[in-house]
Amino acid sequence: MGVIMYSDTILVPVSLFLMVGYHAYLWHSIKTRPSVTTIGSDALKRKSWFIALYAGDDKKAMLAIQSLRNTLMITILTATIAVLVTLAVGALTNNAFTARDLFSSPFFGSTSPKITALKYGAASLFLVASFLCSSLALGFLIDANYLINASSPAGLGPDSSDGCPYSLTVFENGFVLAIFGNRLLCLTFPMLMWMFGPVPVVLSSSALVWVLYELDFTKTPSGITKHSPTD
């Protein structure tokens, strides 16, 4: 019993620390050296593109709407997956206590009622947060669609001739929240692996961090960047 409790109380927090620590390092890199990350590089290019677009013609505005459509579709897909997996987790929770005998091996960790509830609760928390971020991202991106095409006389609205700060803020908030929703959905899968024991949590979180590192940091010559699927 001691080995079971040791694996749950040590391996799972280590996995969480690994994932949270990686994203803290990624956030620091984006803030201090954005050019070495795909998210930072894309944000800089997106800002320059938006400022040039806002002063452009109607054809460019229509191109912007078409470009934002892809991000909207990805965000809707992320929110839909989050809802579906949340419903699946809820259905599994109803049968979790009757199926505990199937996972009685020490490899699967503790199967006490509290730990079982914690396993499903942790996954549900990440899924709900992912759905919330994706839903907010949709709202910001839809507003950005209108603001790109909206004409505002200088000094009469939130967008003036000094560089459309309000529209740019809404535009960037949509993309940032979409990234948060996507990442929270990715972090859910190691939590779902917890039902199979703490060892799969460590393995899946390590694999997730390795894959995300390959996607998030550029390893190509200057001026050429890889594009993360979250953008």
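The values are calculated or read from the model by the stated rules, or taken from the named source; none is laboratory data. It should be emphasised that the depicted structure is a prediction, and the values quoted were computed from it without experimental measurement. We place every Cβ from the backbone using ideal geometry, glycine too, and count neighbours over all the protein chains shown.
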For Pro190, which of the numbered conditions (1) within 30 Å of Ile51 (Cβ to Cβ); (2) at pLDDT 85 or above fails to hold? (1)
Please tell me if Asn145 is in contact with a helix residue (DSSP H, G or I) (Cβ under 9 Å, 6 or more places away or on another chain), surrounded by fewer than 14 Cβ atoms within 10 Å (Cβ to Cβ) and modelled with pLDDT under 90. no
Only residues in the range 33-49 that are under 17 Å from Ser67 (Cα atoms) count as the first member; pair them with residues that are of a type in the set (Asp, Glu) and surrounded by 15 or more Cβ atoms within 10 Å (Cβ to Cβ), Cβ under 6 angstrom, at least 6 apart or cross-chain, and list the lot. Asp42/Asp231
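Specify the residue that is surrounded by the fewest Cβ atoms within 10 Å (Cβ to Cβ); the eligible residues are those in the range 10-37 that are among the polar types (S, T, N, Q), at pLDDT 90 or above and assigned to a helix (DSSP H, G or I). Break it down into steps so the answer makes sense when it comes.
Quick first cut of the range 10-37, residues among the polar types (S, T, N, Q) only: 15, 29, 32, 35, 37.
Add one more test, that the residue is at pLDDT 90 or above, and what stays is 15, 29, 32, 37.
So of that shortlist, the ones also assigned to a helix (DSSP H, G or I) come out as 15, 29, 32.
Details: Ser15: 25, Ser29: 17, Thr32: 9.
Among residues in the range 10-37 that are among the polar types (S, T, N, Q), at pLDDT 90 or above and assigned to a helix (DSSP H, G or I), the one surrounded by the fewest Cβ atoms within 10 Å (Cβ to Cβ) is Thr32.
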Given (1) surrounded by 19 or more Cβ atoms within 10 Å (Cβ to Cβ); (2) at pLDDT 70 or above, Lys114 misses just (1)
